[in-house]
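So the structure is just underneath, and the comments pick up after that.
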């Protein structure tokens, strides 16, 4: 899988995409076949997969956190499962935010661990079994919609209503992970995030297929802290401009920005430069929660930075506040149907 998102993926089809088209045909054929033929092993509890159609961020992690909190409120013990992208640990491991660093387990698992029991595992089946052994009665999988090898009872696919699916082509010509026709067959519900026309084609397509569509917004939790302030904002996420726009939306003046690759692990000289530049210009230094967890565990320059850094915290706000709970209950209902189908005499 391509780890970074080339700018031409998010514009009209140009020469770069056309040049890579033969490779996309091969990649799409393989990824589509894998989705069709995948043997997904059943596990002993419901599995909710929060995925997206494309490479890069669309709001999966805050969505998974919102569902986990709803499950906890309903009396369940959710377990969150992540592959731990960019982390060094490969064996199934319970994430301990007080012990692990982003370089060990990845940045997203450290955020997920705020909401409940979290395991990272390259092999998701082994990770699911570890969560169940630890007492989880519901698994919420962050990503893995196209590639997971465990049975999914509820597939919630997130689409950024403003960014959409870019040029609409499969990797490497575009950001799509597998042919859309094949992906749509496996979707339970579409979650359109932050409005915008980019999600409209999917909303219409899901409606024609009789599938549910939900809407949500990524909302700042502590936006008032930045109202009226002059900021130096930095981020290493899939779409940094979305973060900078969120700061402007809460009334901040974003004077300077610095963008890094997604999942970027900061070097000491980069951190020192951020501190020096912000202080020189009298600006408040601010980043995302995802970037903040990647700063933990450093020494030297990072210590100075952590004393000065501010974080814009966000959460996924569903238009229907009861939707996350309904997703959880529907996953349990689907799980019971699956278990009954397996046990039913032939």
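Coordinate-derived values only; no laboratory data. Computed from a predicted structure; not experimentally measured. Positions of Cβ are backbone-derived with ideal geometry, glycine not excepted, and every protein chain shown enters the neighbour counts.
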Hey, can you rank 73-84, 220-231 by average C-beta count inside 10 Å, highest first?
73-84, 220-231
Calculate how steeply helix 60-73 sits against the longest principal axis of the alpha-carbon atoms of the chain, using the helix alpha-carbon long axis, and give the answer as 0 to 90 degrees to the nearest 10.
70 degrees
Counting only DSSP beta bridges with both residues in the chain, what percent are antiparallel, rounded to the nearest 5?
15 percent
Which value results when the Cα radius of gyration for the stretch 222-312 is divided by 2.2 N^0.38 Å?
0.99
Nearest 10 degrees is fine. How inclined is helix 124-133 to the longest principal axis of the chain, computing both from alpha carbons?
90 degrees
Cα atoms only, the stretch 150-238: Rg and Dmax in Å?
16.3, 49
If the chain between residue 200 and residue 281 were fully extended at 0.36 nm per residue, the gain over the current Cα-Cα distance would be 24.9 nm
Grab the beta carbon distance between residue 217 and residue 126, set R0 = 30 Å, and tell me the FRET efficiency rounded to 0.05.
0.25
Within a Gaussian network of the chain (alpha carbon springs, distance under 10 Å), most fluctuating of 271, 247, 117:
271
With springs connecting C-alpha atoms under 10 Å apart, model the chain as a Gaussian network and identify which of 53, 145, 243 has the largest mean-square fluctuation.
243
The chain, relative contact order [Cα under 8 Å, separation at least 6], %:
21 percent
Which whole number in µm²/s is D for the chain by Stokes-Einstein, with the Kirkwood Rh taken over Cα pairs at 10 °C and 1.306 mPa s?
76 µm²/s
With the crude spin-label approximation of a point 7 Å out along Cα→Cβ, what separation in nm comes out for residue 319 versus residue 181?
3.0 nm
Length released on extending from residue 258 to residue 134, taking residue separation times 0.36 nm less the Cα-Cα span:
40.6 nm
Of the peptides 209-219, 148-158, how do they stack up when ordered by the mean number of other Cβ atoms within 10 Å, highest first?
148-158, 209-219
For the stretch 1-110, just list the percent of Cα-Cα distances falling in each 10 Å bin from zero outward, please.
10, 29, 35, 19, 6, 0
Give the separation of the Cα centroids, the stretch 188-231 to the stretch 88-150, in Å.
25 Å
If you fit an axis through the alpha-carbon atoms of helix 268-280 and take the longest principal axis of the Cα set of the chain, what angle between them do you get, 0 to 90°, nearest 10?
50 degrees
Which three numbers, in whole Å and largest first, are the semi-axes of the equivalent ellipsoid of the stretch 92-229 derived from its Cα gyration tensor as √(5λ)?
28, 23, 15
